[in-house]
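Chemist: Provided herewith is a single structure, encoded as structure tokens, for subsequent inquiry.
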Amino acid sequence: MPKKFLIIRFSSIGDIIQCMTAVDGILNHYPDAEIHWIARKDMSSFLAMDQRIHKVWGFDRQDGFKGILQQAKQLKQEKFDYVYDAHSNIRSLILKTVLAPIWKRCLGIGPKFTMRSKNRIKRVLLFKFGIDCFPMPFKGMLSFRKPLEKWGITNYSKVNEDWYFPLDLKEKINQQVFESLKGEKSKLITMVPSAAWQMKRWPVSHWQKLVNLLPDYHFMILAGPDDVFCKEIEEVAPDRVLNLSGKTNLLASCYLVQKSNLVISGDTGFLHAADKFKIPALSLMGPTAFGFTTGDHIKTLEVDMKCRPCTKDGSGKCKMNIYQQCMVDITPEWLADEVKMLMES
């Protein structure tokens, strides 16, 4: 009888991508395992990239407490052998209470359970008092693997390389981007100038200067509909910059990352997508603590400052006289040299 697993991770895109490494480990240990995943509804289509996941359960935040309780009852009917709480929040606590109550775990009955800790005390020590108790650089992908060691899952040698994208999506993107591209496709660089929080964004003026420093290259911008500042980057060289902000959904953007020659990004989900897809990338790491990548195909650019890291996600205020100095000091000239070395090698 195949083992049945449930992974609980609702969001965000970067964390979900890093958590997808758990699927590799589970299937290396239990090749016939049936894996389910519960995520936020708007992440469901994205998880469909990995067709080894038997079923993705979409949770709608608007359904609130009543909705998550109802979904917990539905999941209970699946009779999971293993439950992995990779989120550790109030919603996952409700699911855990229904699916693997503590009294059952104490008696050794019901599904086996493990959880990824958020290490809240260590976070307070790091961000409030500057006392670092984490292994640095902190690689989120590895932290999502750690809880599975409890079940003897340690082999990640075989990973998924057969990512699924619908044919109509690929045809649309090929027409929208690659067939209409002016210049050589081999000279196209993907830029991700946006991020959920302002502090972990590379300055717009730096992106503009980078475009000017690399006149032989074309650029593609991936960003959301609210990232209107991307227009300022496009206007530097409209004949060489394709601004796709707000024009692609999560799945389409991930497909473009997978087809990229090189991705340049701060601590974003698309950086972790490049890590997962084994696409070369330059990672611009500033104030955040937990966004470091795992693969050797990604190079991290960062400056050594005593105040780093100062935040888990880029929220909060910069305490330096030069706002965002940890990002500002990653100069366009430095990045341009790295781009040339990678693109010409």
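Chemist: Select from segment 167-180 the residues that are touching a residue at least 24 places away in the same chain (Cβ under 8 Å) and surrounded by fewer than 14 Cβ atoms within 10 Å (Cβ to Cβ) and write down the one among them that is nearest to the chain's Cα centre (by Cα).
Modeler: Looking at residues that are touching a residue at least 24 places away in the same chain (Cβ under 8 Å) and surrounded by fewer than 14 Cβ atoms within 10 Å (Cβ to Cβ), I get 170.
Chemist: Further question: Is it true that residue 42 is within 19 Å of residue 161 (Cα to Cα) and charged (D, E, K, R)?
Modeler: So residue 42 fails the test.
Chemist: Among 155, 160, which is of a type in the set (S, T, N, Q), touching a helix residue (DSSP H, G or I) at 6+ places or on another chain (Cβ under 6 Å) and either not assigned by TED's automatic domain parsing to the domain that holds residue 335 or not in a helix (DSSP H, G or I) (or both)?
Modeler: Step by step, each of 155, 160 is checked, and only 155 is of a type in the set (S, T, N, Q), touching a helix residue (DSSP H, G or I) at 6+ places or on another chain (Cβ under 6 Å) and either not assigned by TED's automatic domain parsing to the domain that holds residue 335 or not in a helix (DSSP H, G or I) (or both).
Chemist: Could you tell me which residue of segment 286-308 is modelled with the lowest pLDDT, considering only residues that are surrounded by 20 or more Cβ atoms within 10 Å (Cβ to Cβ) and in contact with a Cys (Cβ under 9 Å, 6 or more places away or on another chain)?
Modeler: Among residues in segment 286-308 that are surrounded by 20 or more Cβ atoms within 10 Å (Cβ to Cβ) and in contact with a Cys (Cβ under 9 Å, 6 or more places away or on another chain), the one modelled with the lowest pLDDT is 289.
Chemist: Related question: Has segment 220-228 got at least one residue that is β-branched (Val, Ile, Thr) and without any contact (Cβ under 8 Å) to a residue 24 or more places away in the chain?
Modeler: yes
Chemist: Could you tell me which numbered condition residue 83 fails, if it satisfies all but one of (1) assigned to a loop (DSSP other than H, G, I, E, B); (2) within 30 Å of residue 165 (Cβ to Cβ); (3) more than 18 Å from the chain's Cα centre (by Cα)?
Modeler: Every condition holds for residue 83 apart from (1).
Chemist: Another question, then. Listed residues 137, 101; which is surrounded by fewer than 18 Cβ atoms within 10 Å (Cβ to Cβ) and over 24 Å from the mean Cα position of the chain (by Cα)?
Modeler: 101
Chemist: Considering only helices (runs of 4 or more DSSP H) fully contained in segment 245-332, which possess at least 3 residues that are touching a strand residue (DSSP E or B) at 6+ places or on another chain (Cβ under 7 Å)?
Modeler: 269-277
Chemist: Related question: If you take the residues in segment 35-77 that are of a type in the set (A, V, I, L, M) and under 20 Å from residue 269 (Cβ atoms), which one is surrounded by the fewest Cβ atoms within 10 Å (Cβ to Cβ)?
Modeler: 48
Chemist: If residue 202 satisfies every condition in (1) surrounded by fewer than 18 Cβ atoms within 10 Å (Cβ to Cβ); (2) in the same structural domain as residue 269 (by TED's automatic domain parsing) but one, which is the exception?
Modeler: Only one criterion in (1) surrounded by fewer than 18 Cβ atoms within 10 Å (Cβ to Cβ); (2) in the same structural domain as residue 269 (by TED's automatic domain parsing) is unmet by residue 202, namely (1).
Chemist: Can you tell me how many residues in segment 27-60 are under 16 Å from residue 74 (Cα atoms) and touching a residue at least 40 places away in the same chain (Cβ under 8 Å)?
Modeler: Residues in segment 27-60 being under 16 Å from residue 74 (Cα atoms) and touching a residue at least 40 places away in the same chain (Cβ under 8 Å): 3 in total.
Chemist: Sort through 63, 24 and tell me the only one that's part of a helix (DSSP H, G or I), without any contact (Cβ under 8 Å) to a residue 12 or more places away in the chain and within 26 Å of residue 249 (Cα to Cα).
Modeler: Being part of a helix (DSSP H, G or I), without any contact (Cβ under 8 Å) to a residue 12 or more places away in the chain and within 26 Å of residue 249 (Cα to Cα) holds for just one of 63, 24, which is 63.
Chemist: Next question. Select from segment 204-227 the residues that are part of a loop (DSSP other than H, G, I, E, B) and within 25 Å of the chain's Cα centre (by Cα) and list them in ascending order.
Modeler: Listed by number, the residues that qualify are 222, 223, 224, 225, 226, 227.
Chemist: Among the residues that make up segment 288-305, is at least one of them out of contact with any Ser or Thr (no Cβ under 9 Å at 6 or more places or on another chain), over 22 Å from residue 344 (Cβ atoms) and hydrophobic (A, V, I, L, M, F, W, C)?
Modeler: Yes: segment 288-305 contains one or more residues that are out of contact with any Ser or Thr (no Cβ under 9 Å at 6 or more places or on another chain), over 22 Å from residue 344 (Cβ atoms) and hydrophobic (A, V, I, L, M, F, W, C).
Chemist: For the list (1) at negative phi; (2) outside any helix (DSSP H, G or I), I need the number of the one condition that residue 183 fails.
Modeler: (1)
The values are calculated or read from the model by the stated rules, or taken from the named source; none is laboratory data. Predicted, not measured: the structure shown is a model, and the values here were computed from it. FYI the Cβ positions are ideal-geometry reconstructions off the backbone, even for glycines, and counts take in every protein chain you see.
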